[in-house]
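Inspection log for the structure reproduced underneath, given as structure tokens.
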Amino acid sequence: MAMALRMTIGRKIGMGFGLFIFFALLVVVLTNRTLERSRGINEEINQVYSPSVDALVRLRNLTVSSHMLIKHWALLESRADAPEKTALVEITTQELPQMLDRIDTLMAHWGRDEVALMNQVSTELGVLFELHERIKSMLPSLESYSNPFVHMERNDLAEEGGPLDQQTAKVLSELDRLLEMQEAKRRQLGGGMIRSFDSLKFFVLYMGIALVVIGLIVAFVIVRDIVAPVQRLRNVLLSLGRGVFPRTKVRATNDEIGEMSKALTSLVEGLRRTTDFSHAVAAGDFAADYQPLSEEDVLGHALLKMRDELGQRERILEMKVVERTEEVVRQKEEVERQSRKVVELYKNVTDSIRYAKRLQESILPPERRIKELLPDTFVYYRPKDIVSGDFYWFERVDDRVVFAAVDCTGHGVPGAFMSLIGHNGLNQAAKERGKSRPSEVLGDLNRIAFEALHKDRDHSLVRDGMDMALCSFDPGRKVLEYAGANCPLYLVRDGEVLPFAPDKNAIGSFDLSGKPFTDHRIRLLDGDMVYIFSDGYADQFGGPKGKKFLYRRFRELLVDISTHPTERQRTLLNDAFNAWRGAHEQVDDILVIGMRA
């Protein structure tokens, strides 16, 4: 009965850690409840009120912008296609309806007062845009501004402090009230979350003090009843680990560590005898005597068996070592021979590809020739591999300069083969046949490439082809004609990108009965920048999140660099590309051609 109630080391540690775990779980539960509540408040802020505030601010900004644009429409004579008028139409027909739909979705989580005020804002917006439509209907064209009756009426509507200003001020005032209500709720929820964390801080502080006290008690018990006896056992084991047997016996106590001490003493005696026998066998005394502890002493009987078999095993091992050494030498020689063959093969392939690069570079026009044809031009060309699937082409046909940016299927060696087909096809279509109209050149090139790639159509169909932007420029009249096969043209004028869409057909990869390519005729102004390019720049992965550069960033970059000299633009494109790519691998060949009018 006394043994059953003995306070063993396990019970002592279990009680101490039980209390410790109880208080720790209590802290975890309180923390989890506080975090769940805070997460709910945070989700309500981030999913309802923050988006609502952003949407209302955007709606207010759109209202202010539309007010400025409608006053410009009413008070300044302008054509129907003036940028301010087209901007106003875009705001009223696209951006404002989209923003109102967004706010309507968020209103499902608002309070009744906020919904009522937003409905009032929508009503006042309707009245405001009825005034807009009234002005638009009075002034549909430039000639309508000369009508004296219209002049009087539009002045009455759009004058400073007039109905238009009053209605706009009313809408903005109600939007400001709604924004204040949303901001107040967001601050109220944020304050609730802070109070919740303050309460958690209070509980965690006192529970932490309790955990420290319990930890000190458990540490004292462990040091007194476990650490000191275990330290003595540790010293004995460390001595045994160094091959030194203890000179005194380990003192045994009346607990689990005492039982371990007795077992260790027995182990030391057995190790002494085993060590003596091992020394004798190691010295070559295979007749040395050794008595196992009992009939069940597996180690003792194994040592005896080892003594009997060690001599013969030693001879067998020596024979195997000799055989394995010879085999390793043979394998090493074979590996070295195969390695030399791989290195030689890799060098031959690389040399061939580098020679192919020189051949491919020979078809590209030198920079001196490009400057002769178009003095204020740059070419940013960056192959992914040694050879490239992108190439550029410049040539004079009659009084025009014809140039192209070509993106062949793939990159590396397959793309380089396609580039040779494209270069030869352009020379045939433009130089030999004397065609300078882009749609005709693309049509001829499509037939040439189709015949080169699809001779055996009954058995297989090659899906390779080329994307291309082709331009024909008349320097005297500053007229540019453009046709594209999946490659657009961007015109940067007065800080704005004017895109010209290509046909969605690749060169050499569709039936000749398809529709012809479309010509775009553009009259350039002084200072205009024209860009044609492949898709490699926009498809590059990089940035802080490893995403694509995309055409939106590419257009913004072109606007930023368009005012610089063309040679500086090439440097800026390269710097921006390297900064975006970072440690990512280049994913495709890159080609950008820029020309200033």
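Just so you know, all these numbers are worked out from the coordinates, no wet-lab data involved. This structure is a prediction, so every number in the text was calculated from the model and none was measured. When we count neighbours, we look across all protein chains shown, and the Cβ atoms used for this are built from the backbone with ideal geometry, even at glycine.
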Compactness ratio of region 365-596: Cα Rg over 2.2 N^0.38 Å, N = residue count?
0.99
Hey, any idea what the orientation-averaged projected area of the convex hull of region 503-581's Cα atoms comes to, in nm²?
7.4
Pair-distance profile P(r), taking every C-alpha pair of region 9-210, with 5 angstrom steps and integer %
1, 6, 12, 13, 11, 9, 8, 7, 6, 5, 4, 4, 3, 3, 2, 2, 1, 1, 1, 0, 0, 0
Using alpha-carbon coordinates alone, the radius of gyration and Dmax of region 86-165 in Å work out to 16.3, 51
Counting only DSSP loop positions in region 538-587, the trypsin sites (Lys or Arg not before Pro) whose Cβ has at most 15 other Cβ atoms within 10 Å are 545
